[in-house]
Every structure is written in structure tokens, then in C-alpha cells.
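Structure first, then comments.
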Amino acid sequence: MPWNPDQYQLFQAARSAPFEDVLALISVRENMRVVDLGCGTGELTAKLADKLPNSRVLGLDNSAQMLERAQQYACPGLDFEMADIGDSLAGEWDLIFSHAALHWIADHRSLFPQLLAKVAPGGQIAVQMPSNFNHIAQSLVVDIALEDSFRTALNGFVRYSPVLPIDDYAEMLFTAGFSNINVFEKIYPQVLENSDAVVEFTKGTVLVPYLERLGDQTDSFMETYRQRLRQHMPGSPVFYRFRRIIFAASRTQ
């Protein structure tokens, strides 16, 4: 997908808060082998590296636009590479970390056992993923995409979230032999100027795969979306609650 770093970072402060929450769950050791799946523009991966002394941190992302920004943070012990994080992860890691990325990968019942198998004995996994797909700001996108006026332009494309209930992630961690399991869902409240500001937020995330497919129907789709969201979220300011899943666990020796 053609990510726009500038659009994504319009709400960087709101996106950073859950990063700090998952970062706080990491058990810090020296000399760790660390991979950040979906490193984006790299500044948060650099923060992760700063927290882990003498560790080797690798940020992976499949967006050339994001990685171009990330390279400014590269230094001894911190590298960035192009990779599809949905592909099988090579190697063994003392920490598999991911912030706001794995919700883009399909079939979590297959994905997470594969990732957990790559955690070294005594290693950790720490993940944060949006789980806001039931909010009207996201469900409207699917509803509009299914309408005849846009279905053709999208060639029938609709994206449903693969994110599972939190119980399922806890079960997968236990089955894979992990302990110190910490799994929870948290709402991050945002007070925005109006519903149009919510649209700007979603343009940097959930709307990305639609915008790359709509072609000359893009403006019509976006205007339809803006008008309907105004009906559901009238007034100013608006309260935009954003739900996220956070979990961390350690693999038993």
C-alpha cells in the first residue's frame, strides 16, 4: 500500500501513547536480538532501541516511503530493512515487537503461532494493535465500499479486520508455552475538532487500501464518507474513542 508518512504523522502524539504502554511491558536486558515488525517512519523504533542497551534492533516495513524516513535513525545497533511482515519471519529473536502493524496481516490464527515460534527461549513478545473496527468511523468505510456506486471502482474490494478477541491471543500465548501473560484492551480517547478531523485520522490508516483503488471515484467516496460521518458525529468538538489491544509475554526457558 502507498503509505503517506506526512498524513500518518498528523496524529503522531495520539499514535505514540499506546507505544509507550506496550514499551512499559518489556523486561529490559542487555544484548538482545530485537525485531520491530512494521517499523514505519522509524522514530519509535529508535525509542525502542534506546531502551534496550547494547541490543541489535532491526526495523522491518514494506513501505519504501516509510523506510526512506526511517533511515535517518539508522546507527550502530539499529538497522531498517524492506520486508513484508506477513511473510515468515526468519531467525530467532529475544524480543519480537510490533506497534500498530499486525492488524494489517490476515489470518491471525496462523500468523501468531508462527511468530511465537520465532521467540527464543527466555525471550519476549510485545504487541499493540488497533481493535477499533466496530467504531462508526471504520464501519462506514465498509458500508460505503459495498454500495454499487463504488463496488465497481474497488473491483469488489472490502477489507475486514482480522483482529481477534483478546481471549484468543491469551490462549495462543499459553498454548505456545509463554508465561507472564499480560493481555488487555484499552480505549485511547481523542477529542478532535469535528468529524472532518476524524476523517483526516482515518485517511492515514483504514482508508489507505481504498484510496489506492478508487481512481477517479476517490473524491466522490470521500465526500460520501465525510457527509455520513457528520451525521453520526455532529457538533464540535467530537469524542473519538480508539480501542487497542496490547499484550506481552515471555517464553518459558
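Where a number appears in this text, it was derived from the coordinates with a stated rule and is not lab data. Because the structure is predicted, anything quoted here is derived from the model rather than measured. Note: ideal-geometry Cβ built from the backbone for every residue, glycine included; neighbour counts use all protein chains shown.
A few points about this structure:
- Other residues whose C-beta falls under 13 angstrom from the C-beta of Trp93 contribute a net charge of +2, scoring Lys and Arg +1 and Asp and Glu -1.
- On a per residue basis, the convex hull of the C-alpha atoms belonging to the stretch 135-253 measures out at 124 Å³.
- About the Cα centre, charge dipole magnitude for the chain (Lys/Arg +1, Asp/Glu -1 at Cβ), debye: 480 debye
- The calculated P(r) of the stretch 168-220, using every Cα pair and 5 Å bins from 0, goes 4, 14, 14, 13, 9, 11, 13, 11, 7, 3, 0 in percent.
- Restricting the calculation to alpha carbons of the chain gives Rg and Dmax of 18.7, 56 angstrom.
- Counting DSSP beta bridges with both ends in the stretch 5-251, the antiparallel % (nearest 5): 50 percent
- Restricting the stretch 150-239 to GluC sites (Glu not before Pro) in coil, as DSSP defines it, with at most 16 other Cβ within 10 Å: Glu193, Glu212
- Highest-MSF residue in the chain out of Asp84, Asp219, Asp21 [GNM, Cα springs under 10 Å]: Asp219
- Exposure proxy ranking for Asp196, Asp148, Asp107, Asp79, based on other Cβ atoms within 10 angstrom of each Cβ and starting from the fewest, stands as Asp148, Asp107, Asp196, Asp79.
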